[in-house]
Amino acid sequence: MRFNNKSSSRAYRGAPSIASMDSAQRHSLPRFRRYSNRRGHSAVTEYAALAKAIAVKFADGAVYLYDMDCPGPHHVERMKELAKAGEGLYAYISHRVGRRYSSQLEG
């Protein structure tokens, strides 16, 4: 969050200047690998296993980062295992992780 220290015409001076979601901090995309999708019906298309996180790209183009803070180390390690195996990742995210991701990346 950036704070605007300049005086403004706002009634409350010193109010923070909140950037829109589009200009929020952006993460550079890691190198992705194609998800094997052994069962043939996954919404996951690609993934990138990082040291302490995993980025997952879905069929609609959305890319989400899951890390040690959100949803936590247990989930991240399990998601990496499933991604490498090429099956069960989407089901795991849907049933165990849900919308608990660290951030949405630009795809």
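The values are calculated or read from the model by the stated rules, or taken from the named source; none is laboratory data. Treat the numbers as computed from the prediction; the structure is a model and nothing was measured. Please note: Cβ atoms are built from the backbone with ideal geometry, for glycine as well, and neighbour counts cover all protein chains shown.
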field: Residues (crowded, with 16+ Cβ neighbours inside 10 Å, farther than 16 Å from Asn37 by Cβ and without any contact (Cβ under 8 Å) to a residue 24 or more places away in the chain) located in the range 76-107
entry: Arg78
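A quick yes/no check of all residues on (1) at pLDDT 95 or above; (2) at positive phi; (3) under 17 Å from the mean Cα position of the chain (by Cα):
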position	(1), (2), (3)
Gly14	no, yes, no
Leu29	no, no, yes
Val44	yes, no, yes
Ala49	yes, no, yes
Ala55	yes, no, yes
Met68	yes, no, yes
Gly88	yes, yes, no
Tyr92	yes, no, yes
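Given Asp69, Asp60, which one is closer than 18 Å to Ser36 by Cα and touching a residue at least 12 places away in the same chain (Cβ under 8 Å)? Give the derivation first.
Working: Asp69 fails: closer than 18 Å to Ser36 by Cα.
Answer to the selection: Asp60.
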